Amino acid sequence: MPPRQAIFGGTFDPPHAGHVAAAVCAREQLGIDLLHIVVANDPWQKSAERVVTLPHHRLAMARLAFRDVAGTAVSDLEIRRGGPTYTIDTVAQLAQPGAETVLVIGPAAASGVTTWHRAAELAERVTLAVLQSRGEQPIQVDGWRTETVRMEPVDVSATSVRQLLAQSAGREAPPEAAQLVPPAVMSYIVEHRLYSP
Ligand code: ATP
């Protein structure tokens, strides 16, 4: 078996408990020493639809969210590269000769991966590791090597966190949000007044 390297990319706007659980499970199950957590600079499919929080804030929050997760390293590679974020460029930059590159990805993102920039080339270069709840039928994406990372479902999305915080309208963080986001990330959000309308 060739050595493998794994990338967990995202907007992380903000990073939440689902991301942390996913990283722990991926790190345990993929046979890797290090999981690269890569914060997107400009997630062009999302930034066409809504205002995305500035990259330096998302990077700072990701560093706080994953700082206690063994075997992970938060990367600012895509932010330093600048411009629209294309995963194929990240894979090319991180690829080590002879190593297999694994992309850790949620089921919703996996179903859209064929719309990503230079998708055919990406399909040749990576294996998808799709995050799925125990008992769910494994997802296969036609033309892509896929495997499954099993995790207990964590019912949270960054969208739901942003909505919850927007409803609290700049007051104290709502208690529900404290269950969904690591405490250090919540302190950062409050300090920098992110997500209040
Ligand atoms: P948004 O709600 O703004 O679309 P998101 O919560 O999906 O954001 P991203 O940063 O876009 O967060 O996600 C990065 C990766 O984490 C994606 O592959 C996504 O599918 C996956 N992911 C997001 N939420 C969860 C979750 N609760 N459990 C497992 N994986 C998740």
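Name the single residue that is most open to solvent (accessible area, probe 1.4 Å) among those in region 113-134 being of a type outside the set (A, V, I, L, M) and within 15 Å of the ligand (Cβ to nearest atom).
Filtering first and then ranking leaves ARG134.
Which residues, counting only those in region 1-23, are open to solvent by less than 30 Å² (accessible area, probe 1.4 Å) and assigned to a loop (DSSP other than H, G, I, E, B)?
Listed by number, the residues that qualify are THR11, PHE12, ASP13, PRO14, PRO15, HIS16.
Would you be able to tell me the number of residues in region 31-52 that are more than 9 Å from the ligand (Cβ to nearest atom) and either surrounded by 19 or more Cβ atoms within 10 Å (Cβ to Cβ) or among the charged types (D, E, K, R) (or both)?
So the count comes out to 9.
In this structure, does VAL154 turn out to be within 14 Å of the ligand (Cβ to nearest atom), over 12 Å from TYR195 (Cα atoms) and open to solvent by less than 60 Å² (accessible area, probe 1.4 Å)?
The answer is yes for VAL154.
Conditions: (1) outside any strand (DSSP E or B); (2) closer than 27 Å to GLN179 by Cα. ILE88 meets all but one. Number of the miss?
Single failed check for ILE88: (2).
In region 117-197, which helices (runs of 4 or more DSSP H) lie fully inside it and hold 1 or more residues that are within 19 Å of PHE12 (Cβ to Cβ)?
Correct list: 158-167, 175-180, 183-191.
The values are calculated or read from the model by the stated rules, or taken from the named source; none is laboratory data. All of these numbers come straight from a predicted model, not from anything done at the bench. Glycine gets a Cβ as well: all are built from the backbone with ideal geometry, and neighbour counts include every protein chain shown. Heavy atoms of the whole protein, side chains included, go into the accessibility calculation; ligands, DNA and RNA do not. Shrake-Rupley method; radii C 1.70, N 1.55, O 1.52, S 1.80 Å.
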